[in-house]
Structure formats: C-alpha cells, structure tokens
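The values are calculated or read from the model by the stated rules, or taken from the named source; none is laboratory data. These numbers come from a predicted model, not from an experiment. We place every Cβ from the backbone using ideal geometry, glycine too, and count neighbours over all the protein chains shown.
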Amino acid sequence: MCALGLVMGLAFGANAQNLCEPIATRCEQHITTQYIPDGQFYRALLQGDEVAEFNLTLFGGTTYRVAACSGESDGILIFSVYDKDRNLLFTNKDHSNAPFWDLAVASTLDVTVEASIDPAKAGSGCAVMLIGFKK
C-alpha cells in the first residue's frame, strides 16, 4: 500500500471544502479503473502566486497517476514534482497544464509536489490533487 504524507501551509474551513467538492468530483474522473486511489483529496485555496506544497513518498517499481484540478475546467492548475534536492522531475506546465500525468518510479524517493493556479487562466481558486497507483 502507498503511504503518503501531507504537509500544507494553508488552512481552511468547511466552506472551502464545499467549494472544492465539484472540483474534486471532476478530478476523480482522471483516476481511472487502472489505478487504485490512495484515498486522499489534497486540497488548498490559492490566490495569486500562492503555492500549495504536498510531501509524498513514492515507492520504486510503481507507476503513479497524479491528477490536479482547479476551476471549472481542466488545465488551470500547474503542478511540479521535485526530489529531496529540489531537482525538478516533472511539471505539467511543459505539457499545456495537463490535468493528470503518469509517473513511473524506478526507486523509492521522497518528493515535493507544488501546485499553483496558472495566472493566465485564473486569479484564485480551489486546488485539488489526487494520487493513484497502477494495479
């Protein structure tokens, strides 16, 4: 089973979770039946250039699907994956802000996933990220 931890510097109440619910429902569609969801919805309210940070452990020999959504359509949330030395491993910004991406992990590593709203598409919003691993 995948053990994932979360560190997020943003706090918000029940109203924010209600705001995020339709986005989470849409984002779930990107975790297809080929993937087992980790059971977590990683959420943050972002404004302007704020960045949400999620710390995860990815286990070697596993393919993960990262789904990241915001706003009323796909392509608004930018997410980037960094290793523990802050080397960029992947960013969906290089792929037209794709709402999901599959990451094949050769060996176990700790990563930080950063999420931010594309300023060209929205000024603020709820960011939702989901993680699944291939069956």
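Of all residues in region 57-90, which are assigned to a strand (DSSP E or B) and among the aliphatic types (A, V, I, L, M)?
Answer for region 57-90, where residues must be assigned to a strand (DSSP E or B) and among the aliphatic types (A, V, I, L, M): 58, 66, 67, 68, 77, 78, 81, 88, 89.
Looking for whichever is part of a strand (DSSP E or B), more than 12 Å from the chain's Cα centre (by Cα) and modelled with pLDDT under 95 here; the options are 19, 45, 4. Which one fits?
Of 19, 45, 4, the one residue that is part of a strand (DSSP E or B), more than 12 Å from the chain's Cα centre (by Cα) and modelled with pLDDT under 95 is 45.
Can you name the number of the only condition in (1) farther than 19 Å from residue 19 by Cα; (2) of a type in the set (A, V, I, L, M, F, W, C); (3) surrounded by 13 or more Cβ atoms within 10 Å (Cβ to Cβ) that residue 126 fails?
So the condition that residue 126 fails would be (1).
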